[in-house]
Amino acid sequence: MPKITIIGTGLIGTSMGLALQQSNLKDLMVVGTDSEHSARSAAQKMGAFDKVETRFFDAIDDADIVVLATPVMAMKDIMEVMGDGLKEGAIVTDVGSSKGVVLEWAADSLPEHVDFVGGHPMAGKETSGPAAAEATLFTDKVYCIIPGSGASEASVGDVATLVEGIGAKPYFIGTDEHDSFVAAASHLPFLLSAALVGCTSKSINWADIAQLAASGFRDITRLAAGDPVMHRDICVTNSKPIVAWIDSFIRELHDLRQVLDAEDGPDPAAVKTVFDDAFDARAKWMAGGVTLESRDFSPQRELPSFAESMGEMFLGRRILDRRDRIMRGLRGNRDR
Ligand code: NAP
């Protein structure tokens, strides 16, 4: 009977266990383990696993597939020690939100007799721990699959079967694309949520502002209630793509600021265009109208660096253009 071991019986690990118990994958042995006693016993009580092991090496012993469902940084430590306990031909996969570093750790630490196939379910919520787990968490959700170099077709196929078994939709994507796209769609939102709480709650008028904060404030700050350890690990392990998207967001906010701060006062038509564009783009996405087939392959405006965009913000475009002309002139003189 194939054995699947899930390490980390929190929200994602226990949801996966519950989904596997209800799946059409037959004759599976689903084992869970966690470093935290309370997470193990809660997952056991919920019936998510056929067996919950206290000892890590008992859990992975003879496992065909091992799923790492811990916070991302813990995966590094686990991969460093698990090698000897894995049987020949075992597959290791993970559910972590950053993929570049996890694939690097797998390549550095896992023995040659196992295959690593990275994974990331695009499903979750801000509450963590097994008590928040749901069997239907992954139903119809996209589940990214990023095979490690050297992973066999059979191993990738087994992980795809597991993903389909829990009701999710396998989505094959490259490492860099994954890390950049989730930085935009998943990581930037929780950072903005935290930044809004930071900006308002640090105000000396916060006690008064708090009286006026209602459903809009609650909705947009929901993600700031997520697990700080999970958010820390994501930021630390996917910092470069996140920084690029923060820069892009600052530019967007700066453009909006320019519209509102126009010398003769804001132009109502220009202000409305900002919201019309956002309304239309969101409505199209909500209606499922943003498909891969609808991709725009026209040449993209080259994004300026953060230093350039901050310079533009403080110095103005014309001064920067002049600086660039001067620099080009200096380079021309030097090269002559
Ligand atoms: P969670 O509810 O906090 O569960 C993680 C569990 O792993 C905790 O019980 C934790 O115990 C345990 N753990 C930590 N280090 C361990 C170790 N060395 N060995 C065994 N168990 C260990 O977190 P989660 O929300 O399920 O997230 C798990 C992973 O899924 C993260 O990598 C996250 O990036 C990814 N993910 C999360 C979401 C989401 O919305 N939550 C969505 C997609 C992907 P302690 O509490 O003692 O640390």
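Each value in this text was obtained by applying a stated rule to the coordinates, not by laboratory testing. Note that the structure is predicted; figures quoted are calculated from it, not measured. Please note: Cβ atoms are built from the backbone with ideal geometry, for glycine as well, and neighbour counts cover all protein chains shown.
Reducing region 84-104 and region 116-134 to their Cα centroids gives an inter-centroid distance of 16 Å. The largest-to-smallest principal axis extents of the Cα set in region 104-262 are 60, 37, 27 Å. Along each principal axis, taking the top coordinate minus the bottom one, the Cα set of the chain gives 73, 64, 40 Å in descending order.
Helix 11-21 and the longest principal axis of the C-alpha atoms of the chain enclose an angle of approximately 50°.
Between helix 228-237 and the chain, what is the angle of the helix's C-alpha long axis to the longest principal axis, kept within 0 to 90° and rounded to the nearest 10? Here the helix axis deviates by roughly 70 degrees.
Pairwise inverse Cα distances across region 176-230, averaged and inverted, put the Kirkwood hydrodynamic radius at 12.4 Å. Between amide H atoms placed 1.01 Å from N, distances below 5 Å from Gly32 occur with Ile6, Lys51, Val52, Glu53, all of them 5 or more places distant or on a separate chain.
Under a GNM of the chain (C-alpha, springs under 10 Å), which listed residue has the highest mean-square fluctuation: Asn24, Asn205, Asn238? Highest fluctuation of the listed residues: Asn205.
Tell me, what is the Rg over Rh of region 178-286, with Rh the Kirkwood radius over Cα pairs? Could the numbers behind the result be given before it?
Details: Rg = 16.2 Å, Rh = 16.1 Å.
For region 178-286, the value is 1.01.
Helix 188-201 and the longest principal axis of the C-alpha atoms of the chain enclose an angle of approximately 60°.
Considering only the other residues whose Cβ falls under 11 Å of the Cβ of Gly165, what net charge follows from Lys and Arg at +1 and Asp and Glu at -1?
Values: positive: Lys26; negative: Asp158, Glu164.
Taking every Cβ under 11 Å from that of Gly165, the sum is -1.
For region 178-286, calculate the relative contact order in percent as a whole number, restricting contacts to Cα pairs under 8 Å that are 6 or more residues apart.
Values: 43 pairs, mean separation 34.3, N = 109.
With pairs under 8 Å counted, the relative contact order is 31 percent.
Per-residue ellipticity at 222 nm from helix content only, as computed over the chain with -39500 (n - 2.57) for each DSSP H run of at least four residues, stands at -16000 deg cm²/dmol.
Could you please tell me the mean projected area of the C-alpha convex hull for region 1-127, averaged over all directions and given in square nanometres to one decimal?
7.3 nm²
Pairs Lys87/Lys169; Lys76/Lys99; Lys169/Lys240; Lys45/Lys141: which are spaced more than 22 Å apart, C-alpha to C-alpha?
Values: Lys87/Lys169 28 Å; Lys76/Lys99 12 Å; Lys169/Lys240 28 Å; Lys45/Lys141 26 Å.
In this structure, Lys87/Lys169; Lys169/Lys240; Lys45/Lys141 exceed 22 Å between Cα atoms.
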